[in-house]
Every structure is written in structure tokens, then in C-alpha cells.
Amino acid sequence: MKIVFIGNYLKDRQESMKRYTDMLYREFTGLGLNCSIWNPPLFFGSLYHTTNSGFGKWLGYIDKYILFPIIISMQRFILFLRGSRVCYHITDHSNAMYIYFLPIRDTVVTCHDVLAIRGAMGFEDAYCPASPTGVLLQKLILKSISKASKVVCVSNFTLLQLRELAGFPKREHWVVIHNPFNASFSPMNSSEASYRLSSLGIDSEYIFHLGSSLDRKNRALLVRMANILGDSWNGKIVFAGFPIDSTLQSIIDECELNDRVVSVVKPNHESLLALYSSCACFIFPSFSEGFGWPIIEAQSCGAPVLASCIEPMPEVGGEGALYADPNSPQEFSEKFHYLKNETVKSNIVSAGFKNVRRFSSNEIIPKYLEIYSQSVE
């Protein structure tokens, strides 16, 4: 059996989706299987500096929705002439429309979340508002996923939401396979971590958040939480990932915490390991997620985790985290105080190490092999 992974557009794909596709390719080729990755071509989109907005976005659409389907059809014909048995895996649900150019029975779609779909349908709790064009695109994506006979959702929460949106209470080959790690995460020794943190300007105790500047990430909660803690905790707040935007900066100014906030923009992997391994607490107060990779990354590095009580965070973090209402900085500050008890902290960290075993490739990859081989009536 040959496995073809349908990847993302090279110019604007999310780095996490690239790593996810590359991880699957690496794991399955490691098993001796014949695998390929097909990505939409970067042709017309290369003529403009960005394909995320304006005229460049429409150039990118030509590459993704006109040229690539032609390429898929040609590649499929070549494989047909060779007599190959092929399983196609669309690794990002935002590309689900390619299923119209693939054999439905032999195609798997991974649905990482339905946030953008729900946002386009007016669900405010998704925290994903959509433009008029975005509304049309998300309708097409939902229609395309609904057409798929084999769908893998990365959490039970995402599967339940997808079933509700698609109007299918149950489909035999719509299943949950949690995300595996797409990189290696483990505790960094203290001396190396200290050296790397020093180079980032971090020389004291800190709480840590990794994520984008999207509203649903709720980064402001860390600032408000530190403000509530007052003199009982004088550590720093470290934001990694996207730069601090004007909205967050205004809250930092309001709380007079500028001298205690550190921004680490897009840290490399080694710096990320150091940040996870040495933080007083990794805080993930998101309002809306499909999975929540940073939770298990932090647990793998031995960080005590304090996360939003909204699903799927408890599903992912299991007993290896404390949970609080993301609307309540006060509740987060109270849960943070619990971690001052060394027994509580040690138990959370130990439970985190145990929890992440569920997400190893040894646990996940056989489940994908099973769904690849399933016959669909």
C-alpha cells in the first residue's frame, strides 16, 4: 500500500501543520511503507509578497483550488497506470475540498478543529469571526468533510462538535485519534536551561505561555492573574510565540507590569525546551481549542500545568494539570497558589509524565494504520 499525504500550501501553511504532516511521513516511511507528500504548488502566489490577504490571497487560491486539483488528477492517473493501491490522507481539514478529486473510500481527512467553521456560522464561543469570503470557504470545508467516509478527529470534543455541525450523530469511520507529538520534548538539564534562559533575558522565576495573539488564546489572563497575586508573587510573565500586540500591551500598561513581562518571539526548539523545563507553571487559559499541543509539550518537560477548564483541555491534560475558569483570573491565581505546596506540584508533574504516554507515536501510529486499512461499504 502506498500512502499519499495531502499537505498545505507552501507559502501560508501553519508550521504546526507542516510538522504534523512531516511527522506522519517520517513515521510511516520508518515502517517501510511507500509514502509521498503532495503540496499545492507555489506558482501564482509567488508573484505577491503574501497570500494571506488582498490580491495575493486570490493568487494563492488559483494555486490551491485550480492548479492543484489538476495536479492531483494527473498524479492519480499515473498511480492508476502503475497499478498501485493508494490511501490518501488529507492531513489538514482546511484542505478537505480536495476530496472531490480523490477516491472517497480510500481517503482519510484529519479534522484538527471546527473553530473556523463554527465562527463562520456565528458561534461566538469559537472566537473565530469570519469575513464574507471566509463564511463561504468554511461552508465549503464543512460540506467537504461531511462527504468524507473516513474522518479522524484529534479529540472527542472536536468529533462531537463536527457531528453536530454535519448533522451525523454517528458514522462508523469517523473516529478519534489524538495528536501525537510532532517533535521531541523532554526535560532539559538545569545548567543548559539556565544558560539559554539567560540569553533570553530571563533570570528569575516565571510563569509561561506559548501561543498566538488570537483573542481565544486569552493571553491577558496571565497579566491580570499576576496583578491579582500582587506582592505574594514577584516573578516574570513570559509570552512565547507571537509578539505582544497593542491590546495585550495596553493591559500590561494598565497593570504596571512592563518590567516583569518578557516576549520571546518564535523561539527555536531548544529555547522552547528550556522555557517549558524551568517555568514555575505553564499556563494555558484558552477559550477555544481543537486539541492543545502545548499542554502535553509542557507536561513532557516536567512543567506543572494550569489550564482552562473548557474542553478539550481536560481531555488532553488528564490528571496531569490543574484547571480553572478562563474567565476568572482570580480562580487561576488561587490554583497557582496550590502549586506552592511541593506535594501538590510533584503530584501534578508526575501525573503529567504519565498522561503524555497516551500521545506517543507508538500509541498513535497503529490507529492510523487501522483506519487506512478499513474497508468502507
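The values are calculated or read from the model by the stated rules, or taken from the named source; none is laboratory data. Model, not experiment: these values are computed from the prediction. Cβ: placed from backbone, ideal geometry, glycine included. Neighbour counts: every protein chain shown. Heavy atoms of the whole protein, side chains included, go into the accessibility calculation; ligands, DNA and RNA do not. Shrake-Rupley method; radii C 1.70, N 1.55, O 1.52, S 1.80 Å.
Can you give the convex hull volume of the alpha carbon atoms of the stretch 201-292 per residue, in Å³?
Convex hull volume per residue, Cα atoms: 98 Å³.
Specify the residue with the greatest mean-square fluctuation among Gly45, Gly241, Gly83, computed from a Gaussian network of the chain linking alpha-carbon atoms under 10 Å apart.
Gly83
The stretch 243-318: Rg/Rh from Cα coordinates, Kirkwood Rh?
1.00
Work out how much length Ser131 to Phe353 would gain on full extension: take 0.36 nm times their residue separation and subtract the Cα-Cα distance, in nm to one decimal.
So the extension gain works out to 75.8 nm.
Mind checking the dipole of the stretch 226-286: about its Cα centre, +1 per Lys or Arg Cβ, -1 per Asp or Glu Cβ, Debye to the nearest 20?
For this selection, approximately 260 debye.
With charges only on Cβ, +1 for K and R and -1 for D and E, what is the dipole size of the chain about its Cα centre, in debye, rounded to 20?
Charge dipole of the chain: 1620 debye, to the nearest 20.
Calculate, for Glu172 and Ser36, the FRET efficiency according to 1/(1 + (r/R0)^6) with r their C-beta to C-beta distance and R0 30 Å; round to the nearest 0.05.
Once rounded, the FRET efficiency stands at 0.60.
Rounded to the nearest 0.05, what FRET efficiency do Arg26 and Gln374 give with R0 = 25 Å and r taken as the Cβ-Cβ distance? Could you check?
The computed FRET efficiency comes out at 0.60.
Say a paramagnetic label sat at a point 7 Å from the Cα of Ser53, along Cα to Cβ; which residues of the stretch 213-228 have their backbone N under 16 Å from it?
Output list for this probe position: 213-215.
Can you give the accessible area of Tyr25 in Å² (nearest 10), computed on protein heavy atoms with a 1.4 Å probe?
80
Could you state the accessible area per residue of the chain in Å², with a 1.4 Å probe and every protein chain left in place?
Normalised by residue count, the accessible surface of the chain is 45 Å².
Residue-wise, which Karplus ³J(HN,Hα) couplings in Hz belong to the stretch 195-208, taking 6.51 cos²θ - 1.76 cosθ + 1.60, θ = phi - 60°, and x for glycine or proline?
Values, residue by residue: 4, 5, 5, 4, 5, 8, x, 10, 9, 8, 4, 8, 9, 9 Hz.
Give Lys236/Lys354; Lys150/Lys170; Lys64/Lys170; Lys64/Lys147 a once-over and call out the pairs whose C-alpha atoms are over 23 Å from each other.
Long pairs (Cα-Cα over 23 Å): Lys236/Lys354; Lys64/Lys170.
Going 7 Å from the Cα of Asp231 in the Cα-to-Cβ direction, what parts of the stretch 174-216 have a backbone nitrogen less than 20 Å from that spot?
In the stretch 174-216, the label zone of Asp231 (backbone N under 20 Å from the point 7 Å along Cα→Cβ) covers 205.
Ordered by packing density, taken as the mean number of other Cβ atoms within 10 Å over each peptide's residues, highest first, how do 234-240, 121-127, 30-36 rank?
Listed from highest to lowest mean packing, they are 234-240, 121-127, 30-36.
Which of Tyr20, His173, Val86 sits closest to the plus end of the dipole of the chain, meaning its Cα is farthest towards the positive end, when Lys and Arg get +1 and Asp and Glu get -1 on the C-beta?
It is Val86, whose Cα lies furthest towards the positive end.
Grab the Cα-Cα distance for Ser46 and Ser199, subtract it from 0.36 nm times how many residues apart they are, and report the gain in nm with one decimal.
Gain on stretching Ser46 to Ser199: 51.5 nm.
Taking a probe of 1.4 angstrom, what is the accessible area of Cys281 in Å², to the nearest 10?
0
Shape verdict for the stretch 315-357, please, from the Cα gyration tensor: rounded (a/c under 1.5), prolate (a/b greater than b/c) or oblate.
oblate
Sort Lys64, Lys57 by heavy-atom solvent-accessible area, probe 1.4 angstrom, most to least.
Descending order: Lys57, Lys64.
For Cα Rg over 2.2 N^0.38 Å, pick the label among [x] 1.03; [y] 2.31; [z] 1.10 that corresponds to the value derived from the coordinates.
[x]
Between Asn362 and Leu67, what length in nm is gained on full extension when 0.36 nm per residue of separation is reduced by their alpha carbon distance?
102.5 nm
So, with +1 on the Cβ of K and R and -1 on the Cβ of D and E, and no other charges, what is the size of the charge dipole of the stretch 248-325 about its Cα centre, to the nearest 20 debye?
Roughly 240 debye for the stretch 248-325.
Comparing Val344, Val135, Val316, which has the greatest mean-square fluctuation in the GNM of the chain with Cα pairs linked when under 10 Å apart?
Of Val344, Val135, Val316, the Gaussian network model singles out Val344 as fluctuating most.
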